[in-house]
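As structure tokens, the structure follows; a few thoughts come after it.
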Amino acid sequence: MIDKPLLLDIYYAAPEFWHVVFAACIIVISFAIVEIFNILKLRQKNYFLNRDRERYAETLYASRDGYFAFIYPDQKVNDPRKYIVERCSRRLAVLMNLPNGTKSGFEEILKNFYKEDIKRIRKYVDFLHDEGISFDDEFALKSSNRYIRLVGSRINGADGNIYCDMIWFRDVSFETNKIMELENAKKAISKELQQVRDLLDNLPFPVWLRGNDLKIIDFNKKFSEYLNKSRNTSLDGENEITTSSGDSASKALAQKAQDTNKAQKSTVSIVKNGQRIMMKAFEVPFHAEENLENIYTTGALIDVNELEELKRNLKLHQNAQLEILRTLGTAFAVFDQHFKLAFHNSSFAELWKLDQEWLESSPTYSMFLDVVREKRLLPEVPDYLLFKAEEQKKFSQIIEPQKDMLHLPNGKTLSRLRAPYPMGGLIFAYEDISDKLATTSAYNALLSVQQEIMENIFDAILIFGSNGRLTLYNEAYLKLWQANKTFLDGEPNLDELLESQKKFLATDIDWEKLKKDIAGHLLSMTTKSFILNRTCGDSLEIAARNLSDGSLIITYRRQ
């Protein structure tokens with residue numbers, strides 16, 4: 001135990017000394033407490049510094065960009081570049097696929113670029129180290145179709161000390177490829193637009209575009225020539241190609257096209273270089289930008305001066321031709337594209353027994369058929385309505401002349417020609433061929449009788465027409481000369497016929513001379529008949545006579 005009386009004796013023996021000791025103890029304890037508080041405060045500060053450093057480090061690691069740092073020494077040295085420490089980030093190691101990871105040096109990174117790019121990067125880095133000049137550039141990796149953007153900058157402290165030189169690496173492959181894709185698309189669109197512009201500018205007629213307000217907002221080169229203005233001159237919206245009367249050639253037409261939403265056209269007269277030109281104006285409406293409220297129109301002026309002249313000449317020629325048709329004996333009529341009678345001659349009225357006043361009322365083709373049917377001048381058909389419908393269909397079906405025959409109830413036969421009319425519709429030509437058919441029938445009957453007579457003659461007979469071609473032969477000739485019927489039906493001439501007889505006549509003598517002698521006797525006007533010996537042993541008496549129509553008849557009779 002502590003002896004309290006002893007302590008009190010010691011204290012009272014030298015109280016001043018103990019006061020000093022106690023004061024010193026209190027001071028030491030107070031200092032210790034202050035130091036302990038400062039230490040704790042420093043530890044707290046150090047803790048937060050370490051935590052912030054870790055945050056900043058993790059923030060850098062989490063960045064989408066990799067970085068490579070050239071860290072300068074903290075202490076002052078003569079040549080700090082000799083003591084630079086290189087540091088590669090994890091993100092950069094992954095981005096560049098570096099074998100040594102974060103331990104990779106800058107030279108290892110450069111190996112991923114092309115030689116020319118490596119030289120440029122080294123120059124950038126040298127400028128950054130020497131003068132602190134920042135850089136920003138883009139490079140392609142040689143091992144893959146990727147692009148890396150390098151951004152170099154120097155980091156200085158507030159006191160001006162150099163901390164490090166940083167180079168950031170960002171993969172911009174998607175952005176670069178997208179930009180290249182857009183650039184290519186832009187070039188393609190520009191090329192296409194230029195082609196469209198070339199197309200419009202090389203059209204031989206003016207073309208323009210109108211907006212909602214009917215003002216011209218675009219046009220081609222030919223349009224500017226009509227206005228005597230440069231292609232690059234901006235229009236104020238009131239510039240128009242005017243007619244000879246001073247009005248716009250197509251603005252009213254464009255208004256009508258917008259109102260009706262249908263294409264419009266009209267013929268206008270334009271004065272150009274002192275000459276009056278007939279032109280066809282067009283205005284075609286459309287919805288611009290796929291907006292039903294935006295109704296634009298495209299317009300054009302096409303020179304139809306030559307066409308109008310051709311139309312006038314055609315009309316004159318047609319009128320002249322129609323006047324000629326009026327005087328012909330053949331019945332002619334023209335029914336236009338509306339099926340109305342546009343022209344007829346007097347023979348047409350006489351043939352169908354039609355009243356002149358009724359014809360001048362421009363009846364339709366259907367009315368014409370009804371009238372002539374009532375007069376019993378149409379062929380008898382079981383279904384008249386079907387017949388009439390088929391007749392009217394021909395107006396759209398006939399594209400070249402067509403011939404047919406109409407057998408009328410009164411015994412007449414008409415030859416009908418239907419052909420397209422240049423101005424639309426059909427032109428009809430009717431001719432009564434009843435007498436011609438009767439004559440042809442009688443002639444055919446005569447030929448038939450003639451053929452029967454020849455077939456009942458024992459002598460072989462040949463008849464050559466005035467053109468020198470074989471026209472008739474009988475069965476006796478086929479048997480006598482064993483002739484080919486197909487060959488004879490081909491209408492051979494006399495020389496070809498004699499060649500077919502060669503196998504019965506050819507001997508050791510000259511065939512060409514013999515053939516010439518035979519032909520000479522047959523065509524002689526004095527020789528009545530002559531004897532011809534054949535190789536088969538028989539002899540033929542041959543007689544030739546010229547008929548009144550210029551034909552030649554030859555008979556062969558065995559001796």
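The values are calculated or read from the model by the stated rules, or taken from the named source; none is laboratory data. Since the model is a prediction, treat every value here as computed from it, not as a measurement. Cβ placement follows ideal geometry from the backbone for every residue including glycine, while neighbour counts extend to all protein chains displayed. Accessible surface areas use protein heavy atoms only, side chains included; no ligands, DNA or RNA. Shrake-Rupley method; radii C 1.70, N 1.55, O 1.52, S 1.80 Å.
Based on the Cβ-Cβ distance from Asp355 to Ile399, what FRET efficiency comes out when R0 is 25 Å, to the nearest 0.05? Let's see the in-between values first.
Numbers: r = 33 Å, r/R0 = 1.33.
Efficiency, rounded to the nearest 0.05: 0.15.
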_FRET efficiency estimate (nearest 0.05) - Cβ-Cβ, Leu40 to Asn161, R0 30 angstrom_ = 0.45
*Sequence-distant or interchain residues sharing an amide H contact under 5 Å with Gly468, placed H: which?*
none
*Calculate what fraction, in whole %, of the accessible area of region 479-526 sits on carbon and sulfur atoms when a 1.4 Å probe is rolled over the protein chains.*
53 percent
_Sequence gap of 8 or more, or different chains, plus Cα separation below 25 Å: how many lysine pairs satisfy both in region 455-559?_
19
*Any idea what the relative contact order of region 333-420 is, in percent, if you count C-alpha pairs under 8 Å spaced at least 6 apart?*
21 percent
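Per 0.36 nm of contour for each residue apart, how much would the distance between His338 and Asn212 grow if the chain were fully extended, relative to their Cα-Cα spacing? Could you put the intermediate results ahead of the total?
On the way: separation 126, 0.36 × 126 = 45.36 nm, distance 3.84 nm.
Taking His338 through Asn212 to full extension adds about 41.5 nm, to one decimal.
Considering only protein heavy atoms and a probe of 1.4 Å, how much of the accessible area of region 59-184 is carbon and sulfur, as a whole percent? All intermediate terms of the calculation are to be shown ahead of the outcome.
Details: 3990 of 7920 Å².
Ligands and nucleic acids excluded, carbon and sulfur give 50 percent.
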*Could you give the accessible area per residue of region 175-290, probe 1.4 Å, as a whole number in Å²?*
64 Å²
*Where Rh is the Kirkwood radius over the Cα pairs of region 253-295, the temperature 20 °C and the viscosity 1.002 mPa s, what D in µm²/s does Stokes-Einstein return?*
181 µm²/s
*Which of the aspartates and glutamates could a cross-linker span from Lys103 if the Cα-Cα distance has to be under 14 Å and same-chain partners fewer than 8 positions apart are dropped?*
Glu86
*Short version: ³J(HN,Hα) in whole Hz for each residue of region 100-113, in order, from phi by Karplus 6.51 cos²θ - 1.76 cosθ + 1.60 (θ = phi - 60°), x for Gly and Pro, what are they?*
8, x, 6, 8, 6, x, 5, 5, 5, 5, 5, 5, 7, 10
*Kindly state, to the nearest 0.05, the FRET efficiency for Lys262 paired with Met423, given R0 = 30 Å and r defined as their beta-carbon distance.*
0.75
*Taking Lys280 as the anchor, which lysines have their alpha carbon closer than 23 Å to its alpha carbon, excluding any fewer than eight residues away along the same chain?*
Lys215, Lys221, Lys222, Lys229, Lys251, Lys256, Lys262, Lys265, Lys272, Lys311, Lys315
*Tell me the label-point distance for the pair Val381, Ser362, using the 7 Å Cα-to-Cβ offset, in nm and rounded to one decimal.*
2.6 nm
*Separation in nanometres of the label points that stand 7 Å from Cα toward Cβ, at Val172 and Lys111*: 2.7 nm
